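Read the figures in this text as sums done on the coordinates, not as results from a lab. Remember, it's a predicted structure, so these values are computed and weren't measured experimentally. Note: ideal-geometry Cβ built from the backbone for every residue, glycine included; neighbour counts use all protein chains shown.
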Amino acid sequence: MRGRPWPPGLAAADIAIIRVNPARARDFARAAGYLAKTDSIDARMLAAMGRALVAALAAIRKVPRFAAISKRAGSKKVAITAVARKPLVALNAMIANQQPFRA
């Protein structure tokens, strides 16, 4: 699909599109406990993964420092990575140290 535009009808209908690596999609399904591979399970898992990714990106964009990082870096991808990295590092440390999560 690289180099080809998305079907114009999707953009006109305001339908969000997310491209994912098939291996990551399979990992997502496995993490959700779906080991079988059928079209209906794949469709449900891809929809759930899309909702999770959209929600995560929306939450990241609401972080106060996102706009500043995005402007300074000149790239939204860099800003998303920078903002998402901090809590992931903290969660990784909590898991490594077997600490409970405290909101």
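Quick notes on this one:
- Taking the criterion of being over 20 Å from L57 (Cα atoms), over 16 Å from the mean Cα position of the chain (by Cα) and among the aliphatic types (A, V, I, L, M), the residues of the stretch 11-44 that qualify are A12, A13, L35, A36, I41, A43.
- Pair list, Cβ < 7 Å and 6+ apart or interchain, from the stretch 43-66 residues that are within 14 Å of A84 (Cα to Cα) to residues that are in a helix (DSSP H, G or I) and small (G, A, S): I60/A84; F66/A79
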